Structure formats: structure tokens, C-alpha cells
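Please treat every number below as a calculation from the coordinates, not as lab data. Everything numeric here is computed off the predicted structure, so don't read it as measured data. A quick note on method: Cβ atoms are made from the backbone with ideal geometry, for glycine too, and the neighbour counts reach across all protein chains shown.
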Amino acid sequence: MKKQKQSVLFLSCLWVGLTFAIGQPSLAALQEDGEKKPSKLSRIFKGVASFYGKKFHGKKTASGKPFDMNAFTCAHPNLPFGTPVLVQNESNGAQCQVVVTDRGPYVGNRCIDLSKAAARKLGITGVAKVVCKTGRFIKDGLDRDAAPRKTASSH
């Protein structure tokens, strides 16, 4: 009878321990700074984009990396650092892929802050309406839903 109680106690402890361990993220799922890995979540969101440049160039971002206004990066309020985002300017159709390295924007109704390089590629000189896509909606930095462009070799 005593051995049976010990066995039940042992199996109960083992079950609780395994249940706890399975429910926890692995160490590999966390980055050095404690942020989650880049999101594979597929999202589409629209809003107003702005950009930031010289004033912040070289300063530490929320991810801990220095801001480089010449890199294709962005600030987003809650997407995990390292998440690729395809941004398209609604007014001219220009698009580029950026990576989340900072938090923001903290102004009005803006949904994303772009580096100066990204804004330049999108033709943004102030603020602009944009469509942003993450996850399965982008592949190799291109919009998977966009119609293929005709080239000289495709005629």
C-alpha cells in the first residue's frame, strides 16, 4: 500500500512537471534581449506612415541596436523586433521591405515610422497612407498578391 502511494505521488509530480515544461517557451524561442523572435503572424494593416532620420541616426533604438537612417528599418508599436514588414505607398504603389528595430510611432494616428532610406524608396517626403503586410503575405520582399510586372523578356 505504501509503495502504491509513493508511485501515485511520483507520477503526479512527474505529470505536473511535464505539463509545466511543455507550456513554457524554449530558450531558443527568446532572443538575447528577452524579445520574442520575429513574428511569423500574417497581418495586413493600413494607416499613416512617417519617417525619422538625421536627428536619431546612430542613437540606440528600443531593440538596443543603433538607428541607421540608411538601412531599411522601421518602428512599430508591438510587432516583435526582427519582423519583416512589406510597406506599400497607397498613392504611388511603391513598396519596400523593412525590419522592425524600434518602437513607435508616438504621434497621432500613425501606424509605422520608417527609416529615411525606406521613406525615400516609397516616395514619402512627409506622411503617407500605406498598406503593411507581414508573414505569409510577403515572400522575398515582394507582395505575393501583386500582379507580376511585364518585362522586356515576357513579351
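Determine Rg/Rh for the stretch 43-143; Rg is computed over alpha-carbon atoms and Rh is the Kirkwood hydrodynamic estimate from the same atoms. Don't skip to the end; give the middle numbers.
On the way: Rg = 12.0 Å, Rh = 13.1 Å.
We get a ratio of 0.92 for the stretch 43-143.
Run the numbers on the stretch 43-143 and let me know its relative contact order in percent, using alpha-carbon pairs under 8 Å that are six or more apart. Let's see the in-between values first.
Numbers: 237 pairs, mean separation 41.2, N = 101.
Relative contact order of the stretch 43-143: 41 percent.
Going by how many other Cβ atoms sit within 10 Å of their own, how do 87, 48, 99 line up, fewest first?
Values: 87 25, 48 15, 99 18.
In increasing order of surrounding Cβ atoms, one gets 48, 99, 87.
From the phi angles alone, apply the Karplus equation (6.51, -1.76, 1.60; θ = phi - 60°) to the stretch 125-131 and give each ³J(HN,Hα) in whole Hz, x where the residue is Gly or Pro.
For the stretch 125-131, the Karplus-derived couplings read 10, x, 10, 7, 7, 9, 10 Hz, x marking Gly and Pro.
Hey, can you grab everything whose amide H is under 5 Å from the amide H of residue 96? Only 5+ residues off in sequence or another chain; H modelled, so Pro and N-termini drop out.
Placed amide hydrogens put 87 under 5 Å from residue 96.
Of all chymotrypsin sites (Phe, Trp or Tyr not before Pro) in the stretch 42-132, which ones are in loop regions per DSSP and have a Cβ with at most 11 other Cβ atoms within 10 Å? Spell out each step's value before the answer.
Values: sites: 45, 51, 52, 56, 67, 72, 81, 106; in loops: 67, 72, 81, 106.
Loop-located and lightly packed - 106.
Ranked by Cβ crowding within 10 angstrom, fewest neighbours first, how are 41, 79 ordered? Before the final figure, lay out each step's value.
Values: 41 11, 79 23.
Exposure proxy ranking, most exposed first: 41, 79.
Please compute the net charge surrounding residue 98, taking Lys and Arg as +1 and Asp and Glu as -1 over other residues with Cβ under 11 Å from its Cβ. Numbers along the way, then the final one.
On the way: positive: 121; negative: 102, 113.
Counting the neighbours of residue 98, the net charge comes to -1.
Going by amide H atoms built from the backbone, whose H comes under 5 Å of the H on residue 62, apart from near neighbours?
103
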